[in-house]
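The values are calculated or read from the model by the stated rules, or taken from the named source; none is laboratory data. Values in this document were obtained by computation on a predicted structure and should not be read as measured data. In this analysis, Cβ positions are derived from the backbone assuming ideal geometry, glycine residues included, and neighbour counts consider all displayed protein chains.
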């Protein structure tokens, strides 16, 4: 056995805390270790070449690389040893960076630990055998979850590459939050003018199947071969027949909250959320429908000229196969009401969120673009904007920056002046964060050309007085208390994860952070991948971001999906379970515990029934390994022998 | 995450990598104690959040059983802990490691509290009990 040990310095990331020379010396004193060296950056080209050279010159048969997390570079180094002619699995990585140099400060302590970890790696690789991947065919179809701008962009990019896409949206129309915006910063482009053509394109694309009022119910399978149950929710409208004439909405006597308009104005129990909705099909909300509440109505059925209303409709579950999944479920605004009693906690009608104000400004909004404050319909003259409500505020448990609030406030201040020329906008801010292209200039314009008064400080209290609102705050630059008599107060509320994000993450087996935003596999190297193979992220479901970043990330996800599915088959991990069938007693405890149904019974020539692992189904969790009474089923790469050797080496 | 965020942790812990807590054989934990480990910590994905669907449910049953059996082997059950920390909970991980290390430091070196032959006896019992026959 000829073992080589390579200790990465990672510049000073490792070398500053771990004495790599000592680790090399310790390696050289181990049995069968013929070669050990430290390398400044092992993952770099010269670093990898040094590994290859050593393998070839010294005839190494096994390699230990002590460097960073295997999450980072395990595949890199597998390929490296593969290029040197070794089986890729004859390389063992030990993590002396995230598990050692980065979390310890004492050099002796860190060096001791690094030596232990290196020795553990040698013990493990000593018992490693060459492993070979198998391939499984992939389903060349893609599921995109969420029909906002991110989902639309990803779906279009993937569909343009010739792959069939199913775009699932839980609401009755695609378009997402962007469809609710009036204008977009920093160009003041009309939001729907940019978005609606894309929505229509998605609906008409030959490779895109649109499923609105639908949700992902369950996900089974793995990369390349997912089985997804999709719940098609009953809308009581036959989508094939509905022409979008809106007569039902006009005649419907049941009032319902207007979700598209963020609660400004009212909608009907049966409605099309907005005139540019795609598909232009009505949907009935049973919880607001008189027929379902009181058992008497059916006006819509009577007036519908297309005979599209069907009260008997029930939810259906459709199961489809997909090779990859793009998650683009977006965000919703943080519900500020409970956390900010000093701002009225939702009790003052003229304290609105920026999204509500956006709807008031929008020509397609409830007032046709004429700004009227909710309490008395008066045109507001003094408008106060408060930034960072539910963001950058530790006191309400939301320390994160929403990354767009500064920008959309500047936009709305500009739009306010355009709508109401004799108005005055005041903006309370903490900092102005305007990092994007053209953003800083835009916020300056709001102040210089549109006269918005920016006050650096927080608002402590809002209280009603003579039909108006008094906003009490501090201007920290002049160190003065400020009181503003406001007609309307607009809160720049931060981003929150979409409702049910955590639940969806569990269905998809992906991880999420404390705000329920989905976690990317690596922030820089794998920014659109998740920890689950074949599941990708796009847009604000991964964290707050603006439209340009969302679209860029959606296209990035699409590129990843296209790359993945461009191959006809996928290599599976060879780290799967294997049965020693000569010693198998045929008790099938392994089959009982296997989460993937990867274990079958086969008959040997002597008539005995024994367990057999279906490699393409096995995901390598090792649950069977522990359950097997005679210990004859073993997870390759994590055998009992290897784990015991590691344990003993560490405790020697 | 704890490592990436450079959260300082006590240096007494050595990590053995496994695909899933479902791969953790309770016998391996006993083996570690027999080899002189002062404490053993098992950490995996939260129940309901298993990367391998249900592996941690299997783990929870096995590890809970082990926890209860430890006194029979003469091992203070405080030396063993299983917990659930997700990949994004870096600060939680750092906290778990620190708390566990402190606890083990308070308990001192293993073997100090029981005579050496009791451990050997426990080893024999462990092997016999868990598999139904002696494997050693």
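Go through the stretch A:57-80 residue by residue and tally those that are within 14 Å of another protein chain (Cβ to nearest Cβ), in a helix (DSSP H, G or I) and within 17 Å of residue A:13 (Cβ to Cβ).
Looking only at that region, the number is 4.
Among the listed residues A:614, A:599, which satisfies the condition of being touching a strand residue (DSSP E or B) at 6+ places or on another chain (Cβ under 9 Å), under 22 Å from residue A:223 (Cα atoms) and surrounded by fewer than 16 Cβ atoms within 10 Å (Cβ to Cβ)? Talk me through it step by step, then tell me what you get.
Details: A:599 fails: surrounded by fewer than 16 Cβ atoms within 10 Å (Cβ to Cβ).
Only one candidate qualifies: A:614.
Which of the numbered conditions does residue B:30 fail, given that it passes all the others? Conditions: (1) buried (at least 18 other Cβ atoms within 10 Å of the Cβ); (2) in contact with a helix residue (DSSP H, G or I) (Cβ under 8 Å, 6 or more places away or on another chain); (3) in contact (Cβ under 8 Å) with a residue 12 or more places away in the chain; (4) facing chain A (nearest Cβ under 9 Å).
Looking at each condition in turn, residue B:30 falls short on (4).
For the stretch A:622-641, what are the residues that are crowded, with 23+ Cβ neighbours inside 10 Å and assigned to a helix (DSSP H, G or I)?
Scanning the stretch A:622-641 gives A:623, A:624, A:625, A:626.
Got a number for residues in the stretch A:184-208 being part of a strand (DSSP E or B) and buried (at least 17 other Cβ atoms within 10 Å of the Cβ)?
Qualifying residue count for the region: 2.
Yes/no per residue for (1) modelled with pLDDT of 95 or more; (2) closer than 27 Å to residue A:372 by Cβ:
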position: A:293; (1), (2): no, no
position: A:296; (1), (2): no, no
position: A:315; (1), (2): yes, no
position: A:319; (1), (2): yes, no
position: A:329; (1), (2): yes, no
position: A:343; (1), (2): yes, yes
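Select, from B:48, B:36, the only residue that is facing chain A (nearest Cβ under 7 Å), out of contact with any strand residue (DSSP E or B) (no Cβ under 6 Å at 6 or more places or on another chain) and more than 25 Å from residue A:597 (Cα to Cα). Full working, then the answer.
Working: B:48 fails: more than 25 Å from residue A:597 (Cα to Cα).
That would be B:36, the only listed residue that is facing chain A (nearest Cβ under 7 Å), out of contact with any strand residue (DSSP E or B) (no Cβ under 6 Å at 6 or more places or on another chain) and more than 25 Å from residue A:597 (Cα to Cα).
Filter the stretch B:51-61 down to residues that are at the interface with chain A (Cβ under 7 Å from one of its Cβ atoms) and touching a helix residue (DSSP H, G or I) at 6+ places or on another chain (Cβ under 9 Å) and give me whichever is surrounded by the most Cβ atoms within 10 Å (Cβ to Cβ). Break it down stepwise before answering.
First pass over the stretch B:51-61, keeping only residues at the interface with chain A (Cβ under 7 Å from one of its Cβ atoms): B:51-55, B:58.
Imposing the further condition that a residue be touching a helix residue (DSSP H, G or I) at 6+ places or on another chain (Cβ under 9 Å) reduces the set to B:52, B:54-55, B:58.
Working: B:52: 23, B:54: 18, B:55: 26, B:58: 24.
In this case the residue turns out to be B:55.
Could you grab me the full set of residues in the stretch A:122-149 that are assigned to a helix (DSSP H, G or I) and more than 10 Å from chain B (Cβ to nearest Cβ)? Write out each step before concluding.
At the first step, the residues of the stretch A:122-149 found to be assigned to a helix (DSSP H, G or I) are A:122-126, A:149.
Across the stretch A:122-149, the qualifying residues are A:122, A:123, A:125, A:126, A:149.
Restricting to the stretch A:603-630, and then to whatever is over 19 Å from residue A:124 (Cα atoms) and within 12 Å of another protein chain (Cβ to nearest Cβ), can you tell me which residue is farthest from the chain's Cα centre (by Cα)?
Within the stretch A:603-630, the first condition is being over 19 Å from residue A:124 (Cα atoms), and the residues that meet it are A:603-619, A:623-624, A:627-630.
When the remaining residues are screened for being within 12 Å of another protein chain (Cβ to nearest Cβ), the result is A:618-619, A:623-624, A:627-630.
Values: A:618: 26, A:619: 23, A:623: 29, A:624: 32, A:627: 35, A:628: 38, A:629: 41, A:630: 43 Å.
Per the criteria, the residue is A:630.
When the stretch A:505-551 is examined, which residues are found to be within 11 Å of chain B (Cβ to nearest Cβ) and under 20 Å from residue A:195 (Cβ atoms)?
Across the stretch A:505-551, there are no qualifying residues.
Could you list, in sequence order, all residues of the stretch A:36-46 that are surrounded by fewer than 20 Cβ atoms within 10 Å (Cβ to Cβ) and closer than 23 Å to residue A:22 by Cα? Show your work before the answer.
Just the residues of the stretch A:36-46 that are surrounded by fewer than 20 Cβ atoms within 10 Å (Cβ to Cβ), to begin with: A:37, A:40-41, A:43-46.
Within the stretch A:36-46, A:37, A:40, A:41, A:43, A:44, A:46 qualify.
This table checks each residue for (1) free of Cβ contacts under 8 Å to residues at least 60 places away in the same chain; (2) within 25 Å of residue A:524 (Cα to Cα); (3) part of a strand (DSSP E or B); (4) more than 13 Å from every other protein chain (Cβ to nearest Cβ).
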position: A:54; (1), (2), (3), (4): yes, no, no, yes
position: A:82; (1), (2), (3), (4): yes, no, no, yes
position: A:94; (1), (2), (3), (4): yes, yes, yes, no
position: A:99; (1), (2), (3), (4): yes, yes, no, no
position: A:112; (1), (2), (3), (4): yes, no, no, no
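Got a number for residues in the stretch B:98-136 being under 15 Å from the mean Cα position of the chain (by Cα) and modelled with pLDDT under 90?
1
Let's see how each residue does on (1) assigned to a loop (DSSP other than H, G, I, E, B); (2) touching a residue at least 60 places away in the same chain (Cβ under 8 Å); (3) farther than 18 Å from residue A:168 by Cα:
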site	(1), (2), (3)
A:217	no, yes, no
A:235	yes, yes, no
A:250	no, no, yes
A:273	yes, yes, no
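Read through the list (1) within 12 Å of chain A (Cβ to nearest Cβ); (2) assigned to a helix (DSSP H, G or I); (3) buried (at least 20 other Cβ atoms within 10 Å of the Cβ), then give the number of the only condition that residue B:104 fails.
Status for residue B:104: all satisfied but (1).
Could you check how many residues of the stretch B:66-97 are more than 11 Å from chain A (Cβ to nearest Cβ), in a helix (DSSP H, G or I), touching a residue at least 24 places away in the same chain (Cβ under 8 Å) and over 12 Å from the mean Cα position of the chain (by Cα)?
4
Taking the condition buried (at least 20 other Cβ atoms within 10 Å of the Cβ), under 30 Å from residue A:216 (Cα atoms) and at pLDDT below 95, does residue A:145 pass?
Values: buried (at least 20 other Cβ atoms within 10 Å of the Cβ): yes; under 30 Å from residue A:216 (Cα atoms): yes; at pLDDT below 95: no.
So residue A:145 fails the test.
Give B:24, B:42 a once-over and let me know the one that is touching a helix residue (DSSP H, G or I) at 6+ places or on another chain (Cβ under 7 Å) and more than 10 Å from chain A (Cβ to nearest Cβ).
On the way: B:24 fails: more than 10 Å from chain A (Cβ to nearest Cβ).
When all the criteria are applied, what remains is B:42.
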